[in-house]
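Where a number appears in this text, it was derived from the coordinates with a stated rule and is not lab data. Here the structure is a predicted model, which means the values were calculated and not measured. Positions of Cβ are backbone-derived with ideal geometry, glycine not excepted, and every protein chain shown enters the neighbour counts.
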Amino acid sequence: MSEKSDIKECVETLRSCLDQIFHVFSPPTSEAFQRNAEDIRVLEHILNFKADVDNAITKSAILAEAGDRVGSRTVIDYFVEELGLSRRTAQRRIDNALLAYPDHNGQPDEPSPTDQQSPKETQPPRPQPSRASTNDEGKKRHRISEEKQSIIASELRHLSKAAQDCRQEIYHDAMKEARLRAPQDLQRWVRRRVELANQKVDHNHAHRDTERRFLMIHDPDHDGGARISGYLPRAQLALLQALIAPAKNLGHLLPESEAAKDSRTISQRRFDALFYILQHKASARDSSRGVGSVIISLTASDIVHLSQGQGMTEQRFPTNTNVVLTGLDLLKLGQHRYHYIVLHDEDTGNPLYLGRTSRLANLYQRIALFARDLVCQHPGCDQAFAHCQAHHLQPWNKGGETGYLQSHYCLPSSPPKQQ
């Protein structure tokens, strides 16, 4: 049998008050806003207090191992299944609560150097804060919105392991700053404090951004395009921002006659600027490697249909990447002179035979291999041709030839077995 609730009456009162406020603005009218504008501001500050209530409740749920209530060993499942929160929101609440109510007086679980000293060298214990002082501190934290508390928690995740002793100091200072700063300004302030703390203990901090560099191209979606994500080190970020900075101007890269009618968003203009840079890089080609070249595979009948304007947007053709292109896409790429179209036999699929030349397959041999294979030839693998390398079916040092019939394309880690 559950114990009597301490907050039942408060919850009912809160529900009733929120219902009344809702009815004042239902239906929404300008007059209702004008009459209550001052109290709306006060209401927003009061509702910010819910973030502190959430922290206290979440910490209590952690201590109570609330996951047991839904048959789980993790407390996050309680918030997801019982309270209906998303996992992201639930995790954010947990992070905020652990910052607001740390264990061990805010110190990390690992023993500090002081803990490992002899009894004579041990420093006197830090006095425990009284309940009154704790409540005073809590009042100072009050009225900080969940958004700002989440910003602080998010930035503190980047504190290095060696700088964890600074976590609570930065947190408390950030909560004070949060009363005076807008969210974006607060984020910059906390980020700078974390960066300075990391620099004091991490001598390799200056190179950390380079170590974190990456670029990921996600799978194409139902429209055929794909999202990209990545992390740019400072130097490369500065270079990219400088290169695409002119895109802030309307009409960038458009003919003068069209500049005044430019309807692109700034994000679209930035993309166009980046693509313009990529096109120029592809123009500086390496004739033996085909750097930056898109290879399209199609038959003679495909060309006839396209020349007659048939299937320009419906029919799609494979490329050496994991992207399939329409006839309209081919026209867009056709403005660039260093892409390759492979014609092959409609019945056999074989392009022109290319014989032995050197150990490394040249560009034209690789184009022929693409026209035949399209993807990685390792069993069960469908990686795009651009991610693969040409491998000899019979090793080169044992007399294997570098030719169309003597090679397969596979990932570097998956050379083809001899057939």
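Computed quantities for the displayed model
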quantity	calculated
Stretch gain in nm, segment residue 81-residue 218, where the contour uses 0.36 nm per residue and the Cα spacing is subtracted	46.3 nm
Label-point gap, in nm, between residue 32 and residue 20 - each point 7 angstrom along Cα→Cβ	1.5
Coil-residue trypsin sites (Lys or Arg not before Pro) of the stretch 1-81, DSSP, other Cβ within 10 Å capped at 15	4, 73
Computed lengthening from residue 196 to residue 260, 0.36 nm per intervening residue step minus Cα-Cα distance	18.4 nm
Label-point separation in nm, residue 207 to residue 249, each point 7 Å along Cα→Cβ	4.0
Loop-resident sites, the stretch 166-257, for trypsin sites (Lys or Arg not before Pro), counting at most 12 other Cβ within 10 Å (DSSP)	212, 213, 227
Cα point-scatterer Debye curve for the stretch 8-100, base-10 log of I(q)/I(0) at q = 0.12, 0.17, 0.23, 0.24 Å⁻¹	-0.54, -0.86, -1.12, -1.16
Average projected area [Cα convex hull, the stretch 224-283], square nanometres	5.4
Stretch gain in nm, segment residue 147-residue 182, where the contour uses 0.36 nm per residue and the Cα spacing is subtracted	11.6 nm
Shape parameters for the stretch 142-270, alpha-carbon atoms, Rg then Dmax in Å	20.0, 61
Coil-residue GluC sites (Glu not before Pro) of the stretch 1-103, DSSP, other Cβ within 10 Å capped at 11	3
